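The values are calculated or read from the model by the stated rules, or taken from the named source; none is laboratory data. Computed from a predicted model, the values in this text were never measured in an experiment. Cβ placement follows ideal geometry from the backbone for every residue including glycine, while neighbour counts extend to all protein chains displayed. Quick note on the areas: whole protein, heavy atoms, side chains included, nothing else; ligands and nucleic acids left out. Shrake-Rupley method; radii C 1.70, N 1.55, O 1.52, S 1.80 Å.
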Amino acid sequence: MSQWLTWAKRIQALSQAGLTFTRDQYDRERYEELQEIVREMYERHSDLSNEAILQLVHVDGYPTPKLDVRGVIFKDDRILLVKERSDGLWTLPGGFCEVNRSTASNIIKEVEEEAGLDVIPVRLLALFDMHEHPHPPLSEHYYKLFIECALIGDGEGSAGVETSDVGFFERDDLPDLSLARNTIEQIHMCFDAHWQEEDWTTLFD
């Protein structure tokens, strides 16, 4: 991650925490000025739209990382991937967790919407901090949960609104991956966990 982006995100988080807890009007003005500085940093050094910058800088409450769930589904030792319409690249089905849904219900929903398949969540393979893995620089901070799921039925799946294709792939024949969503090392980790079965210990950063 670019150092300026790390600094900007940290300044934004600290200033947002200050705005959440301060009762002093002068401190509030200082924290608001820090958020304005962060906004200018994003404008000068990123390709984000003004709307996206405002959503990042003006957050209600104490700032915390988002949760991104990814479904890990195997069929005949091949892993399920979906092709994103947004970038034309492949990823494990998933997305940000929604309020009032558990992690299990979130991944069930995401797999059904993006791959047209019904699954049962079985186990948590890993919980990773995006900063600790070679994802491209992103303005937001989030944790990634890799949840292995059992496939219900024998379907091949179907694309959804956000996806254009669905497929099962062998470890040595993976398509071009959407690295903002999952890296090649993370996909290989999923294969390792699948093959080790009962001997697997959940990974975390």
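Residues in the range 159-197, backbone N under 11 Å from the label point at H133 (7 Å along the Cα-to-beta-carbon vector): list them, ranges by number please.
Those under the cut-off are 179-190.
Which whole-number value in Å² is the accessible area per residue of the chain, probe 1.4 Å? If you can, show how the numbers build up before the last one.
On the way: 11470 Å² over 205 residues.
About 56 Å² of surface per residue is accessible.
Label points 7 Å out from Cα along the Cβ direction at L179 and E33: separation in nm?
Going by the 7 Å Cα→Cβ label model, 3.9 nm.
Mind checking the alpha-carbon convex hull of the chain and giving the volume per residue in Å³? If you can, show how the numbers build up before the last one.
Values: hull volume 26.7 nm³, N = 205.
Given the Cα convex hull of the chain, per-residue volume reads 130 Å³.
If I compute solvent accessible area with a 1.4 Å probe over the protein chains, what percent of it on the chain is carbon and sulfur? Working shown, then result.
On the way: 5620 of 11470 Å².
Heavy-atom surface of the chain belonging to carbon and sulfur, 1.4 Å probe: 49 percent.
Mind telling me which of K83, K75, K109 comes out most flexible in a GNM of the chain, alpha-carbon contacts under 10 Å?
K75
Working out 0.36 nm times the residue gap between D165 and N100, then minus their Cα-Cα distance, what length gain in nm do you get to one decimal?
20.5 nm
Helices from the chain with mean Kyte-Doolittle at least 0.0 and a Cα length along the axis of 20 Å or more, per DSSP H: which? Working shown, then result.
Details: long enough: 3-21 (27 Å, 0.04); 25-45 (30 Å, -2.01).
In the chain, the long hydrophobic H runs are 3-21.
Taking the simple approach of a point 7 Å from Cα along Cα-to-Cβ for both H45 and F204, what is their distance in nm?
3.1 nm
Just the Cα atoms of the range 3-57, one point each, no solvent: what log10 I(q)/I(0) does Debye give at q = 0.20, 0.23, 0.24, 0.26 Å⁻¹?
The Debye formula, applied to the Cα set alone, gives -0.67, -0.83, -0.89, -0.99.
For D77 paired with V122, estimate the spin-label separation in nm (one decimal), with each label point 7 Å from Cα along the Cα-to-Cβ line.
Output for this residue pair reads 1.5 nm.
Could you identify which residue out of H141, H188, H45 has the top mean-square fluctuation in a GNM of the chain using Cα springs shorter than 10 Å?
H45
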